[in-house]
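Report on one structure; see the data block that follows.
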Number of protein chains: 4
Amino acid sequence: MSHNTFGHLFRVTTWGESHGLALGCVVDGCPPGIRFTLKDIQDELDKRKPGQSRFVTQRREPDEVKVLSGVIPDEDGETLISTGTPISMLIENVDQRSKDYGEIARQYRPGHADYTYDVKYGLRDHRGGGRSSARETAARVAAGAIARKVVPGLVVRGALVSMGTKSIDRANWDWDFIGSAENPFFTPDAASVQGFADYLDGIRKSGSSVGAVIEIVAEGVPAGLGAPIYGKLDQDIASNLMSINAVKGVEIGNGFEAARITGEENADEMRMGNDGQPIFLSNHAGGILGGISTGQAVIARFAVKPTSSILTPRKSIDKDGKDVDVMTKGRHDPCVGIRAVPIGEAMVACAIADHYLRHRGQTGR
Amino acid sequence: MSHNTFGHLFRVTTWGESHGLALGCVVDGCPPGIRFTLKDIQDELDKRKPGQSRFVTQRREPDEVKVLSGVIPDEDGETLISTGTPISMLIENVDQRSKDYGEIARQYRPGHADYTYDVKYGLRDHRGGGRSSARETAARVAAGAIARKVVPGLVVRGALVSMGTKSIDRANWDWDFIGSAENPFFTPDAASVQGFADYLDGIRKSGSSVGAVIEIVAEGVPAGLGAPIYGKLDQDIASNLMSINAVKGVEIGNGFEAARITGEENADEMRMGNDGQPIFLSNHAGGILGGISTGQAVIARFAVKPTSSILTPRKSIDKDGKDVDVMTKGRHDPCVGIRAVPIGEAMVACAIADHYLRHRGQTGR
Amino acid sequence: MSHNTFGHLFRVTTWGESHGLALGCVVDGCPPGIRFTLKDIQDELDKRKPGQSRFVTQRREPDEVKVLSGVIPDEDGETLISTGTPISMLIENVDQRSKDYGEIARQYRPGHADYTYDVKYGLRDHRGGGRSSARETAARVAAGAIARKVVPGLVVRGALVSMGTKSIDRANWDWDFIGSAENPFFTPDAASVQGFADYLDGIRKSGSSVGAVIEIVAEGVPAGLGAPIYGKLDQDIASNLMSINAVKGVEIGNGFEAARITGEENADEMRMGNDGQPIFLSNHAGGILGGISTGQAVIARFAVKPTSSILTPRKSIDKDGKDVDVMTKGRHDPCVGIRAVPIGEAMVACAIADHYLRHRGQTGR
Amino acid sequence: MSHNTFGHLFRVTTWGESHGLALGCVVDGCPPGIRFTLKDIQDELDKRKPGQSRFVTQRREPDEVKVLSGVIPDEDGETLISTGTPISMLIENVDQRSKDYGEIARQYRPGHADYTYDVKYGLRDHRGGGRSSARETAARVAAGAIARKVVPGLVVRGALVSMGTKSIDRANWDWDFIGSAENPFFTPDAASVQGFADYLDGIRKSGSSVGAVIEIVAEGVPAGLGAPIYGKLDQDIASNLMSINAVKGVEIGNGFEAARITGEENADEMRMGNDGQPIFLSNHAGGILGGISTGQAVIARFAVKPTSSILTPRKSIDKDGKDVDVMTKGRHDPCVGIRAVPIGEAMVACAIADHYLRHRGQTGR
């Protein structure tokens, strides 16, 4: 699709700016009869909500979602049932300190989209980055919460696997630890928390920022999803992830590492299992061959660049073409990659839901 | 888009299987008045043509393109002028040794799409991989040759920057060397040729294969192209590159490296140039901010996995659910990444042409 | 497009049910720098607003529109300027007498979409017709108000040309009369008002309803708009008009009459005007040839069936498969065609705006 | 969609000009396992083939279709089985008397797209009308032949119901008569043949032309197809029919007549049948309510304007802005509406096939 819509049969249109009245999305094509609660959506939103630890922006938004259409309440009064018509969701912007952004109305912050929006559109809503703000991703997360319900048995989880120069130890991987109260980083490795905390404290105190790599794992993906040649499942996952603010790279399976190994090493061999079902003996491919899911876990990773808003002055220009030094005040995450975890999950869930419906449409299965 | 079409205003639909009568594409939305010759297209096709060195498949296809519609000849008789109607191009398949593929009608080759096509569709054209064969990419290259003409001043070039564990020395980068007759690898580093040749000879002789990383650089991209939020220029480039056979990772600018450095290091500072035009002092962003082109060179890299067709037997299963050992005979590239260079160029050119038209549509500039 | 979105570059997604909290739309692809006021939108909405005369439903909705995103205020504080990002508009539902609709939760009203929604989705929001209610068209009218501003010089006006068996006298055509306070019918013929009023009073009092034919005329449409072969301007206008509730037929230019006359009679001859511009000597084609605008007025007509909600009992069945007699209480228009005039205008304006941007994209003109 | 593609999941892209080397289409999204023969397609093409009687153009084209991709042969060697990949079909142009069209390179024929193509694109392929020629519709008919196979039990038939001022007697309706060798008009009324023949002979001999109205009836359409709000089944049928050359009006069910009758008359009442299935007691709605199929026959009509190419001189201008009198020589149908019957069938079949897949995708039924 284009502009502000993604997906084909499960289609999401988002709207809204960082400092407007509200932001939201329209989920179109959700099958009828899908059951979910407001809490299902709110729980996902709460994961990416700012203001939860000293490692993320101190902007405080309740991010309370309203579902305005496309559902009828079940008899229990809590469960919503989709009717097949568009589901419109809205989140009000509450804590908008627009005054923080006075200067950047005229100055182009390096690494931000200030310059390019001005070049493209000739004008922009500069407050908080306007449409280019990561605040837009709240709408994606809300959509993703519904996408998760569309595919029976689907479980999509994400984890931060590295931050700047520090990485987790994959031997310690524990999905359950990610939701833990002592884990402000979405790391699956409990032993990594202290190191990440110390490292990020240093970064934050020096007025700097740092990037991260996030891994998303989708289990319960039926085999056969994907629409070759130009709507491959991995292609749409890559597209969805690359559309997240600050993302500069995407990998499927062993990704760039695949370019360094031999065909023998990279092959995912197969055998018939005792239950008469095919078994893959490894998953270098990340669960996708020829753009179509194999039935294994779908694995994707994406790289988030360091937060561009830093307290260290950087050379830039302003709207009048004058040289300036820009130092971004305001409330910002020293590592935006942390909050990208639930966003990445949502984008992968949406891609899978879309292909689930498309596959069913084309093949009847 | 979906299935077998990509692009929005500059839209390309490809069709054809490896061992069918022909393959081709329809380029829809090409502006009227674009001038090109058959040779312009043929030159691009010749770059990816098999049978050119011992390092690529020995299948010999003339890959001669016919333009069936959408153009009128100029008075010189050689130049074709687009009329704004769909340009249909066709390439006949000539050298189809289907007998080579007898066994794989029933066996699932690891790393190939045999299993997933069967699971998805319930049947498949197994000859040469059918639709999942890299032969489909000839159609993309033909489309890309026209895309290059759509954006005035656009130059899109690609280079192989690593193969397996071997990398080029970027200090030796020479675009002119890539077209050289002594360069079977699309490497920009003349000093790398012997090393690559020895390395790949070893791989080939051992019946193995290896992957590669390709870098595409697009110069002359006007500032302002890209359609946030879900048709970002980098997103569409990532999508286009990820749709190429065997690609497992995509990066924009410094890509995954961005996740390892600080905000200060990653910032692309700006100053006003002497000519009154803004200048970026670096290009970590790969020419794209917030999904919109900055006017700098657009830089993308992608990782190609090792050729899955190898002479070493691998464990697999067949259609009847029996365990088998598969060894892929037939003619195959030991490193499919080499021939991916012109394909990557074409896909990037198509994404830029599409956004050039979309930007013009939305903004009138 | 599909589902709940129409348009390609100027794209409108609507959402909302008759008796939900709100309804609205997202206008995506609006060029930056388009200036409009809330009043521009509200004026269009007020035209289709219910409760304005005894000839339309007595439901009273203020239909007050909010613009939630995609604009920045001009210095005058009243004018809004589009930023190129999606414009989200919302209209709250206020006067929802859901109790009126108790019975139709189970009974299928003939002519309504009750049965088909249940067959398709397995469940539905029955209150007021839910998503299939004409209330959804408020969102289209809001979008159309912006579309009108996108094409410089565009004027789109509509008129009711017949109601049931009564027609206007085209010799009396007066656009200015349509907005008159004494004109509850959008008729361009002042002499027709009394006749329409008497006729419709009779229909209303007998518990019946009647259909209408609406004509839309768009002036100021630049020559060259339209994307043959499958996005012809007339095709997209026909599609947009046919998507309006209760519409059963669409004509361009002299429409079905064209099938009855000869080639000589139907030809729109041309001559060069004194100003050096081509002149058409007639406009049987309705301003469109080969799917492309000629520069003449674009003329379309559509037929609206009689309101299906009538007080006369009709045979039907209910959800349990029992025969029932249905009599639709509630507040309904005896001729929904009347209020279809501003909706038809909006849909034509949106089609033209979309093609204006697409033409500019493909041709640069 | 746009430009030269229609459909969403069952998507058809056509290409080719009247006097180019060939024309064709790509059918994308056809489900795997659909079985058809070349003869199935050829039979449909033969219906619209020129040169079959004195009432249609004497251009003689074999219109022999080739299927280049997307199928594998069944064991019988005759049946083709779709693989789920794009089906590319090609028809060569053989009888191109381009010399007939010398003058119209510069002159704008009234009623044709000559002027608008030149205004839009700045240049055009004038030979035989180029892309705007009805010859393009051969590709649609080929696509429609496959669409018919996609929906089990679907039967789509068309008939000419009026020509100029002459109409059939619906009491004589006999589908079987349409394929009869004595029926050059696709009329379902055997008694009408002599009258039509005399009438059209008169038209032809006077160098004139005349229009027609065609009715398409689709039986076996499952209830529930259609994607409200902006992909209604009737909307997509209207769009598809309006895209056919020379069509100026489209109706669903009783169409414009619906605007003249009362709600009681127009209501399609229901009762439960003896078999426990709902029965509609009439079909004024043409099988579609709220944009969704009811399970009844889907009925659409469209009006074709008189052939614009006539031997009587008409006033026009040429490319240089000079007044000219145009008289169209060449071989033309005196009533293009006749050959529009199989084209209309194909376009309706494609719309239904598309919605069949979309419905299955969204609802799983």
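The values are calculated or read from the model by the stated rules, or taken from the named source; none is laboratory data. Just so we're clear, the structure is a prediction, and the values are computed from it rather than from any experiment. As a convention, Cβ positions derive from the backbone with ideal geometry for all residues, glycine included, and neighbour counts pool all protein chains shown. SASA here: full protein model, heavy atoms, side chains in, ligands and nucleic acids out. Shrake-Rupley method; radii C 1.70, N 1.55, O 1.52, S 1.80 Å.
Connecting C-alpha atoms closer than 10 Å in a GNM of chain A, tell me which of A:ARG148, A:ARG48, A:ARG260 has the biggest fluctuation.
Per the Cα network of chain A with a 10 Å cutoff, A:ARG260 tops the list.
Select from B:ILE244, B:GLY220, B:TYR199 the residue farthest towards the positive end of the dipole of the stretch B:180-253; place +1 on Cβ of Lys and Arg, -1 on Cβ of Asp and Glu, and compute about the Cα centre.
B:ILE244
Looking at the calculated P(r) for the protein assembly as shown, what percent of the C-alpha pair distances fall above 43 Å?
Values: 471434 of 1065070 pairs.
Above the 43 Å cut-off, the protein assembly as shown has 44 percent of its Cα pairs.
Using a Cα-Cα cut-off of under 19 Å, which lysines could be cross-linked to D:LYS49, ignoring same-chain neighbours fewer than 8 residues away?
Answer for D:LYS49, where 19 Å is the Cα cut-off: D:LYS39, D:LYS66, listed by chain and number.
Among B:ILE310, B:ILE343, B:ILE203, determine the one that fluctuates most according to a GNM of chain B built with springs between C-alpha atoms less than 10 Å apart.
B:ILE203
With all protein chains present and a 1.4 Å probe, how do A:HIS8, D:HIS332 order by accessible area, largest first?
The ordering from most to least exposed comes out as D:HIS332, A:HIS8.
Compute the accessible area per residue over chain A, keeping the other protein chains in place, probe 1.4 Å, unit Å².
Working: 11090 Å² over 365 residues.
For chain A, the per-residue accessible area is 30 Å².
Which value, in square angstrom to the nearest 100, describes the accessible area buried between chains A and C on both sides, using a 1.4 angstrom probe?
On the way: alone 17230 and 17260 Å², together 31570 Å².
Summing both chains' loss of accessible area gives about 2900 Å².
To two decimal places, what compactness ratio does the stretch D:179-265 give when its Cα radius of gyration is scaled by 2.2 N^0.38 Å?
Values: Rg = 17.3 Å, N = 87, 2.2 N^0.38 = 12.0 Å.
Output field value: 1.44.
Where nothing but the Cβ of Lys and Arg (+1) and of Asp and Glu (-1) is charged, how large is the charge dipole of the stretch C:100-181 around its Cα centre, in debye to the nearest 20?
Numbers: 13 positive and 9 negative charges, 54 e Å.
Approximately 260 debye in magnitude.
Across the stretch C:83-197, how large is the tail of the calculated P(r) beyond 25 Å, expressed as a percent of all Cα pairs?
On the way: 3459 of 6555 pairs.
For the stretch C:83-197, the share of Cα pairs beyond 25 Å comes to 53 percent.
What dipole magnitude, in Debye to the nearest 20, does chain D give about its Cα centre under +1 on Lys/Arg Cβ and -1 on Asp/Glu Cβ?
Details: 43 positive and 46 negative charges, 239 e Å.
It comes to approximately 1140 debye.
Test of understanding: in a Gaussian network model of chain C with alpha carbons linked when under 10 Å, which of C:GLY129, C:GLY207, C:GLY337 would top the mean-square fluctuation ranking?
C:GLY207
Can you give the Rg and Dmax of chain A based on its C-alpha atoms, in angstrom?
Taking only Cα atoms of chain A, I get Rg and Dmax of 21.0, 71 Å.
With +1 on the Cβ of every Lys and Arg and -1 on the Cβ of every Asp and Glu, and nothing else charged, how large is the dipole of the stretch A:152-290 about its Cα centre, in debye rounded to the nearest 20? Show your work: numbers first, answer last.
Working: 9 positive and 18 negative charges, 101 e Å.
For this selection, approximately 480 debye.
Over all directions, average the projected area of the Cα convex hull of the stretch B:240-365 and note it in nm². Provide the component values of the computation, followed by the final result.
Working: hull surface 51.3 nm².
Reported value for the Cα convex hull: 12.8 nm².
Buried by at least 50 Å² relative to the chain on its own: which residues of the stretch A:113-136 qualify, computing accessible area with a 1.4 Å probe on protein heavy atoms?
A:TYR115, A:THR116, A:TYR117, A:VAL119, A:LYS120, A:TYR121, A:LEU123
What is the sum of charges around A:LEU23, taking Lys and Arg as +1, Asp and Glu as -1, for the other residues whose C-beta is under 11 Å from the C-beta of A:LEU23? Show your work: numbers first, answer last.
Numbers: positive: A:ARG131, A:ARG135, A:ARG140; negative: A:GLU17, A:GLU61, A:ASP63, A:GLU92, A:GLU136.
Charge balance near A:LEU23 sits at -2.
Which lysines have a Cα lying under 22 Å from the Cα of B:LYS166, excluding residues fewer than 8 positions away in the same chain?
Candidates past the 8-residue exclusion: B:LYS205, B:LYS248, B:LYS305.
Residue farthest toward the positive end of the dipole of the stretch B:40-94, with Cβ of Lys/Arg at +1 and Asp/Glu at -1: which of B:SER82, B:VAL71, B:LEU45?
In the stretch B:40-94, that residue is B:LEU45.
Tell me the carbon and sulfur percent of the accessible area for the protein assembly as shown, rounded to whole percent, probe radius 1.4 Å. It would help to have the intermediate numbers written out before the result.
Values: 21610 of 44460 Å².
Answer for the protein assembly as shown: carbon and sulfur cover 49 percent of the accessible area.
Over the heavy atoms of D:VAL304, what accessible area does a 1.4 Å probe trace out, to the nearest 10 Å²?
0 Å²
In degrees between 0 and 90, to the nearest 10, how far off the longest principal axis of chain B does helix B:137-150 point, with axes built from Cα atoms?
Orientation of helix B:137-150: about 10 degrees from the principal axis.
Specify the angular offset, from 0 to 90 degrees and rounded to the nearest 10, of the alpha carbon long axis of helix A:193-205 from the longest principal axis of the alpha carbons in chain A.
Its long axis makes an angle of about 30 degrees.
Just to confirm a number: summing +1 for Lys and Arg and -1 for Asp and Glu over residues other than C:ILE91 whose beta-carbon lies under 13 angstrom from that of C:ILE91, what do you get?
Values: positive: C:ARG48, C:LYS49, C:LYS66, C:ARG135, C:ARG140; negative: C:GLU17, C:GLU44, C:ASP46, C:GLU61, C:ASP63, C:GLU64, C:GLU92, C:ASP95, C:GLU136.
Local charge sum for C:ILE91: -4.
Karplus couplings for the stretch B:177-189 from phi (6.51 cos²θ - 1.76 cosθ + 1.60, θ = phi - 60°), rounded to Hz, Gly and Pro as x?
After applying 6.51 cos²θ - 1.76 cosθ + 1.60, I find 5, 5, x, 5, 5, 8, 10, x, 10, 6, 7, x, 10 Hz.
Among chain C residues, which Cβ is nearest the axis of the C-onto-A rotation, and at how many Å?
Per the C/A rotation axis, the closest residue of C reads C:THR13, 3.
At q = 0.33 Å⁻¹, what is the log10 ratio I(q)/I(0) for the stretch D:311-354, with the Debye formula run over Cα points and no solvent?
-1.06
Straight-line reach only, C-alpha to C-alpha below 17 angstrom: list the aspartates and glutamates that C:LYS322 could link to, leaving out same-chain residues fewer than 8 apart.
Leaving aside aspartates and glutamates fewer than 8 places away in the same chain, those within reach of C:LYS322 are C:GLU103, C:ASP114, C:ASP118, D:ASP268, D:GLU269, D:ASP275.
Inter-copy label distances at C:ASP95, 7 Å along the Cα→beta-carbon direction, one decimal in nm, shortest first?
Going from nearest to farthest copy, the values are 4.2, 6.6, 7.8 nm.
Using θ = phi - 60° and the Karplus curve 6.51 cos²θ - 1.76 cosθ + 1.60, what whole-Hz ³J(HN,Hα) does each residue of the stretch B:219-234 get, with Gly and Pro shown as x?
10, x, 7, x, 5, x, 7, x, 10, x, 9, 10, x, 4, 4, 5
Given only helices, namely DSSP H runs of n ≥ 4 each adding -39500 (n - 2.57), what is the per-residue ellipticity at 222 nm of the protein assembly as shown, to the nearest 500 deg cm²/dmol? Walk me through the numbers on the way to the answer.
Values: 32 runs with 356 residues, N = 1460.
Helix contribution divided over all residues of the protein assembly as shown: -7500 deg cm²/dmol.
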